[in-house]
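These notes concern the structure reproduced below.
The values are calculated or read from the model by the stated rules, or taken from the named source; none is laboratory data. What you are looking at is a predicted structure, and each value in this text was computed from that prediction instead of being measured. Counting neighbours? That spans all protein chains shown, and the Cβs are built from the backbone with ideal geometry, glycine included.
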């Protein structure tokens, strides 16, 4: 079994890291680069920045965040939120990001995934899927979880593999910010449906939840925010707990 990754997620709004519950009740956490530097020192395997403002006039802020992060942080990092075309993707990668995360843009224009993969390599293209339970399955949502996309999450996951995505960031909208644990059923279903790595997101409340999603859930990586931002658990503590339960991790 390959080493599993632990990834802190930094939601960014107006140049600040914030956190909410089910994409609402937003609170300020701090400067994104300061937070990324801390997680780098803590042993994070990767970092994900998601611009939740995602308006055109804010693009310069995320490029600045990417540039500052690339100068001070040494783990790979991805940037997502509002990237609408190849020019946006190229700008973020040129600023120093290792990957981009595409969500709404991928649904609205699936060809963008293929175009980006062919131009920058599949390893640089992460497709984010926000999913909510609906009639025994899971439905894809876009625009920060505000709009139903009319797509089945498992089917869309298979499609993004065909389009050329190198990885999937799968968020359970039902569990986001609740700290009740990941949606194991959703994660396992998507992980079984695809041949690329799946990052599980939404619901992490303690290290046992991460053990669960990386074993029963079949995820390749576990993403979390609140438990790290609030310093209730360090990444090192989480990795030690995973190792004690037989989950291989990078030291």
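So the values come out like this:
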| quantity | calculated |
| --- | --- |
| Where a residue in region 63-82 is without any contact (Cβ under 8 Å) to a residue 40 or more places away in the chain and its partner, wherever it lies, is surrounded by fewer than 16 Cβ atoms within 10 Å (Cβ to Cβ), with Cβ under 7 Å and at least six apart | 82/55 |
| Pick from region 226-251, criterion in contact (Cβ under 8 Å) with a residue 60 or more places away in the chain and part of a helix (DSSP H, G or I), ranking: surrounded by the most Cβ atoms within 10 Å (Cβ to Cβ) | 228 |
| Unmet criterion (only one of (1) crowded, with 20+ Cβ neighbours inside 10 Å; (2) under 25 Å from residue 3 (Cβ atoms)) for residue 140 | (2) |
| Members of region 40-65 that are in contact with a helix residue (DSSP H, G or I) (Cβ under 6 Å, 6 or more places away or on another chain), at pLDDT 95 or above and not in a strand (DSSP E or B) | 42, 43, 44 |
| Output for region 206-225, where each listed residue is at pLDDT below 95 and assigned to a helix (DSSP H, G or I) | none |
| Residue within region 81-92 that is modelled with pLDDT under 95 and crowded, with 24+ Cβ neighbours inside 10 Å present | yes |
| Search result, residues across region 103-134 that are without any contact (Cβ under 8 Å) to a residue 40 or more places away in the chain, closer than 19 Å to residue 201 by Cβ and surrounded by fewer than 17 Cβ atoms within 10 Å (Cβ to Cβ) | 134 |
| Any chance residue 106 is within 14 Å of residue 169 (Cα to Cα), at pLDDT 95 or above, in a helix (DSSP H, G or I) and touching a strand residue (DSSP E or B) at 6+ places or on another chain (Cβ under 9 Å) | yes |
| Whichever residue in region 8-31 is within 19 Å of residue 179 (Cα to Cα) and in contact with a helix residue (DSSP H, G or I) (Cβ under 9 Å, 6 or more places away or on another chain) and, among such residues, is modelled with the lowest pLDDT | 21 |
| Filter pass, residue 78 being in a loop (DSSP other than H, G, I, E, B), at pLDDT 95 or above and surrounded by 18 or more Cβ atoms within 10 Å (Cβ to Cβ) | no |
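Residue by residue, here is whether (1) surrounded by fewer than 20 Cβ atoms within 10 Å (Cβ to Cβ); (2) in a helix (DSSP H, G or I); (3) at pLDDT 95 or above; (4) on the phi > 0 side of the Ramachandran plot holds:
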position: 162; (1), (2), (3), (4): yes, yes, yes, no
position: 171; (1), (2), (3), (4): no, no, yes, no
position: 176; (1), (2), (3), (4): no, no, no, no
position: 179; (1), (2), (3), (4): yes, no, no, yes
position: 187; (1), (2), (3), (4): no, yes, yes, no
position: 191; (1), (2), (3), (4): no, yes, yes, no
position: 195; (1), (2), (3), (4): yes, no, yes, no
